[in-house]
Amino acid sequence: MKSIFLDCNDQLAPVWARVIRPDDPKIDVNREVFARDELPRVIRGYAIAIDDHSYMPTPLVAQCPELRHIVFLGTGPASYMNVGELEARGIKVHIIKGYGDTAVAEHSIALMVAAARDIARMDREVRAGTWTPHGGVQLLGKTLGVIGLGGIGREVARIGKGMGMEVIGWNRTHHAGLSVPLVDIDTLLERSDVVSMNLTLGDETRGFLDAARIARMKPGAILVNTARGALVDEAALIAALTSGRIRHAGLDVYHAEPLKPDHPLAKLPNVTLSAHAAFRTLEASMTLLRRAIDIVRTIVG
């Protein structure tokens, strides 16, 4: 079975070189940037495709009848492909869990602190020659509400507790080992000074933080989202940021990526942006790529 890493970028290429082993199955590596409609040209003839974060629309994938497996580098393929449609066509979508829980959690906390202290805005202003010390929010003793207590959410909670925050959580299911007090979602939104979004994206969670729930958030709260943009009603978020109901948002994920420079979120001063990079540490990337190779090894036997 022919295999390809379809979108290995300059950042991942040296990591790939570090983790690939001589006895691994042969995996071709494409480092050429391609337009979305060129996907069939890149993957045609391959049975297995490793996908970093390239969009894989069903009509384009359908032009490649040999494809049987997609190994998605992460846990949220629903943002980039219709998993149900692909699996109905006999294409198995594999995900990789737990490779970067600490990396993503640390990035969530970094965005939280940057939002609380207006660091990104002051950085922009100082570089432009404006010296305006902005007042911030002290996080000690504040309430951190974690939505989604999987591996990443539990790490966010752990670090938040270490900073002296009161941590509460909401999870779709109750399972053993949770050290965070669980509350209903309305209570979490009403009490939390900081809301960290850590849910996985699926049909049941798409638009989870809708306009009604955003309206229940504590006035002046901070929202951090390192999970998936589609979990949040974007128009309602922009309205809440514009009105000041949400003090600041720290965002690593968006409805459409890359975020365009003329997007409203990119123009709001009370938004701190990063480029879907929460999981991008050397340690997490090495684990991620190694596990992807091992999945290919299992498939090919």
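Brief remarks on what is shown
- GLU87 in the same structural domain as ASP52 (by TED's automatic domain parsing) and acidic (Asp, Glu): yes
- Test: residue in the range 93-100 that is charged (D, E, K, R) and buried (at least 19 other Cβ atoms within 10 Å of the Cβ): no
- Of the residues making up the range 189-202, those that are touching a residue at least 40 places away in the same chain (Cβ under 8 Å) and either charged (D, E, K, R) or touching a helix residue (DSSP H, G or I) at 6+ places or on another chain (Cβ under 9 Å) (or both) are LEU189, ARG191, ASP193, VAL194, VAL195, SER196, MET197, ASN198, LEU199, THR200, LEU201, GLY202.
- Pair list, Cβ < 7 Å and 6+ apart or interchain, from the range 263-288 residues that are under 30 Å from ARG21 (Cβ atoms) to residues that are crowded, with 18+ Cβ neighbours inside 10 Å and acidic (Asp, Glu): HIS276/ASP252; ALA277/ASP252; ALA278/ASP252
- Residue within the range 140-150 that is under 25 Å from LEU282 (Cα atoms), within 23 Å of the chain's Cα centre (by Cα), of a type in the set (A, V, I, L, M, F, W, C) and part of a helix (DSSP H, G or I) present: no
- In the range 260-294, residue nearest to LYS26 (Cα to Cα) [restricted to those that are surrounded by fewer than 19 Cβ atoms within 10 Å (Cβ to Cβ) and touching a strand residue (DSSP E or B) at 6+ places or on another chain (Cβ under 7 Å)]: LEU273
- Checking the range 98-120 against the condition returns no match, with no residue being over 14 Å from the mean Cα position of the chain (by Cα), in the same structural domain as ASP28 (by TED's automatic domain parsing) and either outside any helix (DSSP H, G or I) or modelled with pLDDT under 95 (or both).
- Complete set of residues in the range 46-65 that are over 23 Å from ARG291 (Cα atoms) and either outside any helix (DSSP H, G or I) or not assigned by TED's automatic domain parsing to the domain that holds ARG290 (or both): PRO57, ALA62, GLN63, CYS64, PRO65
- Whichever residue in the range 167-193 is in a loop (DSSP other than H, G, I, E, B) and of a type in the set (S, T, N, Q) and, among such residues, is surrounded by the fewest Cβ atoms within 10 Å (Cβ to Cβ): THR173
- Count of the range 251-301 residues which are assigned to a loop (DSSP other than H, G, I, E, B) and either under 14 Å from the mean Cα position of the chain (by Cα) or modelled with pLDDT of 95 or more (or both): 23
- In the range 140-166, the residues that are at positive phi and either of a type in the set (Phe, Trp, Tyr) or buried (at least 19 other Cβ atoms within 10 Å of the Cβ) (or both): GLY148
- Subset of the range 35-57 that is exposed (fewer than 15 other Cβ atoms within 10 Å of the Cβ) and either in contact with an Asp or Glu (Cβ under 8 Å, 6 or more places away or on another chain) or small (Gly, Ala, Ser) (or both) - its residue that is nearest to PRO14 (Cα to Cα): ALA35
- Pairs with Cβ under 6 Å, 6+ apart, first in the range 120-149 and closer than 22 Å to ASN198 by Cβ and touching a residue at least 60 places away in the same chain (Cβ under 8 Å), second in a helix (DSSP H, G or I) and small (Gly, Ala, Ser): ALA120/ALA114; VAL137/ALA116
- Selection over the range 224-246 of residues that are touching a residue at least 60 places away in the same chain (Cβ under 8 Å) and either surrounded by 24 or more Cβ atoms within 10 Å (Cβ to Cβ) or out of contact with any Asp or Glu (no Cβ under 9 Å at 6 or more places or on another chain) (or both) gives a count of 5.
The values are calculated or read from the model by the stated rules, or taken from the named source; none is laboratory data. Keep in mind that what you see is a predicted model, and the values were worked out from it rather than measured. Methodologically, a virtual Cβ is constructed for each residue, glycine included, from the backbone with ideal geometry; neighbour enumeration extends over all protein chains shown.
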